[in-house]
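Here is the structure we will look at.
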Amino acid sequence: MKYSVRTFLRLKQCLQFIALWVTAFFFYVFISYSIIDDSYFLNQQLTTADFLVSELSRALSTGVFMGFVFYLLQEYIYPRFFHGYGILMASLLQSLLFIMVCYIVFIIVLQLSKVHYIRINNLIALRFNAKWLTCFTIYCLIVHLFITLVQAFRQRLGGNYCKSLLHGNYMSPVIEYRIFMFLDMYPSRTIAEVEHYQYSHLLQECFIDLSEIVTEQNAEVYQYVNDGVILTWKVKQGFERKQCIALYTIFSSRLLEKKDLYQKKFGLVPKFKASINEGLVTVAEIGQIKTEIAYHGDVLSTTASVRDLCRDQGNLLITQAFFKQLSFLEQDNFTEIETTVLRGKKRPVVIYKSNG
């Protein structure tokens, strides 16, 4: 059975949350074990192994439960009710809601167990000791707050950007082979007449529609610039360039599907132009007060210059460097236009336009 990319990504995210919560509760068990006196095991007639196996099994089941609840809230509840809050306030409110939901479910499970509708056994240990309950609740709040904050910053900075900063991949300049797409909103008289506050809302709406497609097509967001975005792909063995073209095609189709909504909300239907190029670039982490991973090379300036030709030549333009790497079937979707000397360049560049 084939699953869509969206389903796979959601499943992956759910498993990541479960893994984080299971790890957190395993850590909780080992902390508890480290502060328990040996006399406890003698009184309870338990060996260390029996204690750890019992507690770790409980931690595993509780972690799976907590992780799944966290995923459901993160996917369906948090975006609807906490979108307008800052990171810190949203994280605090989400943590409180999470604890409330978990305890409501625990109470339901306990009541069902009392009437013998279900049997808990030792998988979920509900201890009604005020001291333990307080410590456990505070620990869950801290774990939830930590995961939520990490998730929020990761979302705003980008997953690959965070990984690169943590690993220190670009502390020294590195040469990579990358594909770049400059995706910009088409300037028009209608757009120019939109009040700047509404215009910002328009861009937010467009880039929300784009975000999911970016993830599905394995692209990275390099920068948001004015009314456009610079996307990039790191070329590895087995990389398929059709993802780059698919991203633009799917995004354009998504905007057309929502044209009635955009027309009603903003009085126009947004359109985007795009240019694609590839080649070697130097990647480096720059800045002290504010760090950023930057790409340097002729590839970017060429891509930007090609994008400026979109108004006259077509909505999607690609360079010869990118065109040559496409399959013959994919090349049939593009037509060569006249060789052009781009602004600021000495050598002419062969450019192809999409037939769509």
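Laboratory data are not the source of any read-out in this text; all were calculated from the coordinates shown. Everything numeric in this text was worked out from a predicted model, so none of it was measured. Using ideal geometry, Cβ is built from the backbone for each residue, glycine included, and neighbour counts are taken over all protein chains shown.
Can you compute the FRET efficiency between Phe153 and Ser301 using 1/(1 + (r/R0)^6), with r the Cβ-Cβ distance and R0 = 35 Å? Round to the nearest 0.05.
0.70
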Paramagnetic reach from Glu176 in segment 228-242 [backbone N under 19 Å; point 7 Å along Cα→Cβ]: 229-242
Potential extension, Asp260-Arg80 segment - 0.36 nm per residue separation minus Cα distance: 62.6 nm
Label-point gap, in nm, between Lys12 and Lys234 - each point 7 angstrom along Cα→Cβ: 1.4 nm
Total formal charge among the other residues, if their Cβ is under 14 angstrom from that of Asp184, Lys/Arg +1 and Asp/Glu -1: +2
Gain on full stretching of the segment that runs from Ile142 to Ile337 - 0.36 nm per residue minus C-alpha separation: 64.3 nm
Label-point separation, Gln44 to Lys271 (7 Å along Cα→Cβ), nm: 7.0 nm
Order of Leu300, Leu72 - criterion: other Cβ atoms within 10 Å of each residue's Cβ, fewest first: Leu72, Leu300
Helix-only [θ]222 nm of the chain, DSSP H runs n ≥ 4, -39500 (n - 2.57) each, per residue, nearest 500: -18000 deg cm²/dmol
Ascending count of other beta-carbon atoms within 10 Å, so fewest first, for Asp184, Asp260: Asp260, Asp184
The chain: DSSP helices with Cα axial extent of at least 24 Å and average Kyte-Doolittle hydropathy no lower than -0.5: 5-35, 48-72, 87-114, 130-157, 196-216
Asn355/Ala321 FRET efficiency (R0 22 Å; Cβ-Cβ; nearest 0.05): 0.70
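Test of understanding: what is the full-extension gain from Phe68 to Gln243, defined as 0.36 nm times their sequence separation minus their Cα-Cα distance?
The Phe68-Gln243 span can extend by a further 59.9 nm.
Please compare each pair in Lys236/Lys290; Lys242/Lys273; Lys163/Lys236; Lys264/Lys353; Lys236/Lys324; Lys258/Lys324 to a cut-off of 25 Å on the Cα-Cα distance and tell me which ones are over it.
Too far apart for the 25 Å limit: Lys236/Lys290; Lys264/Lys353; Lys258/Lys324.
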Cut-off 12 Å between beta-carbons: net charge of the residues surrounding Phe322, Lys and Arg +1, Asp and Glu -1: +2
Approximate shape of the chain as ellipsoid semi-axes (Cα gyration tensor, √5λ), whole Å, largest first: 51, 24, 19
In nm, spacing of pseudo-spin labels at Ile31 and Ala284 (7 Å Cα→C-beta vector): 4.3 nm
Cα extents of segment 168-354 along the three principal axes, largest first (Å): 47, 46, 34
